[in-house]
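Report on the structure given below.
The values are calculated or read from the model by the stated rules, or taken from the named source; none is laboratory data. Keep in mind that this is a model prediction, so the values were computed, not measured. Glycine also receives a Cβ, built like all others from the backbone with ideal geometry; neighbour counts cover every protein chain displayed.
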Amino acid sequence: MNAPESSRDGLYVDAAYDMIVVSNRLPVDYLQGPDGETSWKSSPGGLVTALEPVMRAADGAWVGWAGVADREFAPFEYDGINIIPVPLTESELEEYYEGFSNDTLWPLYHDVIAPPSYHREWWDAYVRVNRRFAEAAARAASPGAVVWVQDYQLQLVPRMLREKRPDLVIGFFNHIPFPAYGIYSQLPWRRQVLDGLLGADVIGFQRAADAGNFTRAVRRLFGYATRGSVLDVPGPDGEMRHVVARQFPISIDSAGFEELARRPDVQARAHEIRESLGNPETIMLGVDRLDYTKGIRHRLKAFGELLRDGRLSVEDVTLVQVASPSRERVETYRQLRDEIELMVGRLNGDHSTLGHQAIAYLHHGYPREEMVALYLAADVMLVTALRDGMNLVAKEFVACSFDDDGVLVLSEFTGASDELRQAILVNPHDIEGLKDAMVEAAQMPRKERARRMRALRKRVRENDVAKWSSTFLKTLTGAGIIASGVPDGLDAAITRLARTDRLLVALDFDGTLAPLVDRPEDARATNRARAAIERLAAADDTRVAIVSGRALESLKQVADPPTGTLMSGSHGVELQLDTGGVTIDLRDGELAALEHLTSVLEEVSTGVDGAWVEWKPAGLALHTRKVAPDAASDLQRVAKARVEAEIPELTVRGGKGVIEFSVRPSDKGEALNRLRQHSGASAVIYVGDDVTDEDAFAALESEDLGVKVGQGRSLAAHRVRSPEDVADLLERLADARDTTHGGPSRWP
Ligand SMILES: O=P(O)(O)OC[C@H]1O[C@H](O[C@H]2O[C@H](CO)[C@@H](O)[C@H](O)[C@H]2O)[C@H](O)[C@@H](O)[C@@H]1O
Ligand SMILES: O=c1ccn([C@@H]2O[C@H](COP(=O)(O)OP(=O)(O)O)[C@@H](O)[C@H]2O)c(=O)[nH]1
């Protein structure tokens, strides 16, 4: 799926993706060299490391900034991921990213290790840019889609998105700590930020302590009731939403890292690194973005004192410190670089010999293979952050230590320390304690190293990034990342269902039997689904029905079903049963309402460029997709208000780019009830992908089976990923039904 403009169920929507991740950073940064040459480069940080494998597994889109100011890029595909770039101007880069995100929120949320700056113009830019991200996500999301917003740069997006698209399921994950109220309350915009976050259905944090700090801040500032991780948040109409706020500790693709570590070329590179350092007995390694939260100064100080006091010697121990460039235009980061480089220079000057360097300092960002080679080359990994949301480096080192060797020294102020309890845990502010831990690590006997590393590895293997995302998404939607194929539980349910006396197989069309396409008239069921439907229809005591939001005429054209298929169009308003006739006779009141509706919609849309009204058998659809965005939302609002005031009994269904009014209040649930009655079914299977299919799932009974296609909140008990998997499911059902109810084909 790569066109952000599509159609579902006969409605035009300017949207296509069922799953969207929104983060400040995209997985790639656009680079322009001094001579004008351009390229794309992996972007820095753990957020991207964690989300990349998640996005590769999901058929969704990633909305984010391409790492360069004043450039606009069209959506594109990168390494199997659909990318939707959001532009930032140079002044937004300064005020929203470097300013409010990284010079206000970052230090504040990391326990004011550095002083946060508060500037009203930075806040204004933050609001403006958050709105742009929310708009981009709203445009790209299909009805009922899951949108997962990431991190402190975009805390206002959940609320903005909910206001624009109440149909969406919205998650938020905070990658950095959430501070205690005493610190958080400094923020001049503390209420607005919390309110922004509370627009989400689920708010995830790295640690239980972060979730607790957030919940307490909500209680203090808004007085909302909270029960454990559930917060009662009143909506604008007084209805109560239940928002979940709890910890979901992030992780890495553990198997992927181990696989890299086992590669002979990566191991050869690790040997080369050791040799180039003169094969010291112990290599200590630090890998961090050059950030004041990472405790690099404390580490260098402890290492320097150990050399000075003769507890370690440069003949035996070398410290490799990777300090990858980060936020280089923010003043605190510039100062930090100067301080660190001064310290490294002094320590090397004081302690290095001609044959042995005390510290190998590398101010570069390295690709993953090189990182893994460094982890393999190291004996001791030093993670001494003063505050860190998680710290994926610690987990990567563990995942790569497949020989159960290596020692992790880990700050208790990292999220990782909640899980990695067998590391040597340190308080980096306690320099003496840190020095003891470094010596203990260098001298730890092999057996003890192996015992600890085995336990650490088990933890990292069992809690990988796939588990993180599926646990979060399960909490959000009741479903995780959906693997392709038919899951075992569903397969067993199909076998059980196939034994029923009289079976009704009711299927939505667009997005279920037919992949979504740009032009509704081009939609076709997959060949395998068609063949399976024919087999099902030929089995004894089995009826097939297609249930769609399309007008019946359009549905018949695209679905071209085998004779005898029961059909329902216009969300249940039109039914074609065995008589062949279409049962839709509008009553006098309905005809009058339709006439009134026609005049209202013509009146409000006349003269609006690009607006058009589509006739449906029991209603009208006002299409605004080709109208300029502001005028389109005004037009929809005016139309809805006029119709609700003048013809209040109508059913209204909204979508991006269209608003639909129907004089016959019907839905797919009612259609399914009629079809069940007509066919005398003893059990029903219903398969659908859209929000409107939820009415049908709600009408299912205990013997029935509901299958949702794709992501999104759903009442269905089972899920598959795509129309290809629906075909698979139908084939299995046809096989099972043949075994129990096989018979000669009734189709010509
Ligand atoms: O995008 P940048 O400004 O260059 O910064 C890079 C990323 O840094 C932060 O990473 C955090 O996420 C990690 C994964 O959850 C976590 O392990 C670490 O503790 C965090 O600091 C930041 O939160 C990201 O938004 C940045 O992209
Ligand atoms: O030169 C480098 C330095 C770091 N990293 C990666 O950057 C991420 C850092 O994540 P972490 O959670 O430790 O900290 P963050 O930088 O996100 O605060 C890890 O996946 C590292 O492997 C990298 O690829 N190249």
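What do you reckon, is GLY256 within 37 Å of the chain's Cα centre (by Cα) and either assigned to a loop (DSSP other than H, G, I, E, B) or not aliphatic (A, V, I, L, M) (or both)? Against the criterion (within 37 Å of the chain's Cα centre (by Cα) and either assigned to a loop (DSSP other than H, G, I, E, B) or not aliphatic (A, V, I, L, M) (or both)), GLY256 qualifies. Only one entry of ALA74, ALA69 meets the criterion of being more than 16 Å from ligand 1 (Cβ to nearest atom), assigned to a loop (DSSP other than H, G, I, E, B) and over 27 Å from ALA483 (Cα atoms), and that entry is ALA74.
When ARG299, ARG289, ARG269 are checked against the criterion of being surrounded by fewer than 19 Cβ atoms within 10 Å (Cβ to Cβ), assigned by the TED database to the domain that holds GLU432 and not small (Gly, Ala, Ser), ARG269 stands alone in meeting it.
Apart from one condition, TYR361 fits all of (1) of a type in the set (Phe, Trp, Tyr); (2) touching a Phe, Trp or Tyr at 6+ places or on another chain (Cβ under 6 Å); (3) away from ligand 1 (no atom under 14 Å from the Cβ); the exception is (2). Residue check: LYS626 meets all listed conditions (1) in contact with a Gly (Cβ under 8 Å, 6 or more places away or on another chain); (2) in contact (Cβ under 8 Å) with a residue 24 or more places away in the chain; (3) charged (D, E, K, R) but one, namely (2).
In the set (1) in the same structural domain as ALA506 (by the TED database); (2) assigned to a helix (DSSP H, G or I), the condition left unmet by ALA592 is number (1). Would a scan of region 403-411 turn up a residue that is touching an Asp or Glu at 6+ places or on another chain (Cβ under 6 Å), over 21 Å from LEU277 (Cα atoms) and assigned by the TED database to the domain that holds THR318? So far as region 403-411 goes, no, none of its residues is touching an Asp or Glu at 6+ places or on another chain (Cβ under 6 Å), over 21 Å from LEU277 (Cα atoms) and assigned by the TED database to the domain that holds THR318. The criterion of being farther than 30 Å from SER633 by Cβ, under 34 Å from the mean Cα position of the chain (by Cα) and either of a type in the set (Lys, Arg) or assigned by the TED database to the domain that holds LEU536 (or both) does not hold for ASP689.
Taken as a whole, the condition of being surrounded by fewer than 17 Cβ atoms within 10 Å (Cβ to Cβ), within 16 Å of ligand 2 (Cβ to nearest atom), of a type outside the set (Ser, Thr, Tyr) and not in a strand (DSSP E or B) does not apply to GLU432.
For region 705-743, a residue qualifies if it is outside any helix (DSSP H, G or I) and charged (D, E, K, R), and the qualifying residues are LYS708, ARG713, ARG719, ARG721. Kindly evaluate ASP167 against the criterion of being in contact with a Phe, Trp or Tyr (Cβ under 8 Å, 6 or more places away or on another chain) and at pLDDT below 95. No; evaluated as a whole, the condition is false for this residue. Is at least one residue of region 356-368 within 14 Å of ligand 2 (Cβ to nearest atom) and either within 19 Å of ILE424 (Cα to Cα) or crowded, with 24+ Cβ neighbours inside 10 Å (or both)? So far as region 356-368 goes, no, none of its residues is within 14 Å of ligand 2 (Cβ to nearest atom) and either within 19 Å of ILE424 (Cα to Cα) or crowded, with 24+ Cβ neighbours inside 10 Å (or both). Residue under question is GLY212, and the condition is that it be over 21 Å from PHE172 (Cα atoms) and either over 20 Å from the mean Cα position of the chain (by Cα) or in a helix (DSSP H, G or I) (or both); does it hold? No. Looking at region 313-327, which of the residues that are touching a residue at least 24 places away in the same chain (Cβ under 8 Å) and in a loop (DSSP other than H, G, I, E, B) is farthest from ligand 2 (Cβ to nearest atom)? Per the criteria, the residue is GLU315. Selection of region 126-180 for residues being over 30 Å from GLY511 (Cα atoms), in contact with a His (Cβ under 9 Å, 6 or more places away or on another chain) and outside any loop (DSSP other than H, G, I, E, B) yields only TYR152. Applying the set (1) over 27 Å from the mean Cα position of the chain (by Cα); (2) more than 16 Å from ALA545 (Cβ to Cβ); (3) part of a helix (DSSP H, G or I) to SER702 leaves exactly one unmet item: (3).
Picking from residues in region 369-421 that are hydroxyl-bearing (Ser, Thr, Tyr) and near ligand 2 (Cβ under 10 Å from one of its atoms), the one that is nearest to VAL465 (Cα to Cα) is THR414. The selection criterion, being loosely packed, with under 15 Cβ neighbours inside 10 Å and touching a Pro at 6+ places or on another chain (Cβ under 8 Å), holds for ASP70.
Residue-wise test of (1) within 16 Å of ligand 1 (Cβ to nearest atom); (2) at positive phi; (3) basic (Lys, Arg).
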| position | (1), (2), (3) |
| --- | --- |
| THR353 | no, no, no |
| GLN357 | no, no, no |
| ARG368 | yes, no, yes |
| MET371 | yes, no, no |
| THR384 | yes, no, no |
| ALA394 | yes, no, no |
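Considering region 215-253 alone, what residues qualify as being part of a helix (DSSP H, G or I) and either among the basic types (Lys, Arg) or buried (at least 17 other Cβ atoms within 10 Å of the Cβ) (or both)? THR215, ARG216, ALA217, VAL218, ARG219, ARG220, listed by residue number.
In this entry, SER469 passes the filter for residues that are under 13 Å from the mean Cα position of the chain (by Cα) and either surrounded by 16 or more Cβ atoms within 10 Å (Cβ to Cβ) or under 20 Å from VAL21 (Cβ atoms) (or both). Would it be correct to say that ARG461 is more than 30 Å from GLY60 (Cα to Cα), surrounded by fewer than 18 Cβ atoms within 10 Å (Cβ to Cβ), away from ligand 2 (no atom under 16 Å from the Cβ) and of a type in the set (D, E, K, R)? So ARG461 does not fit the description; no.
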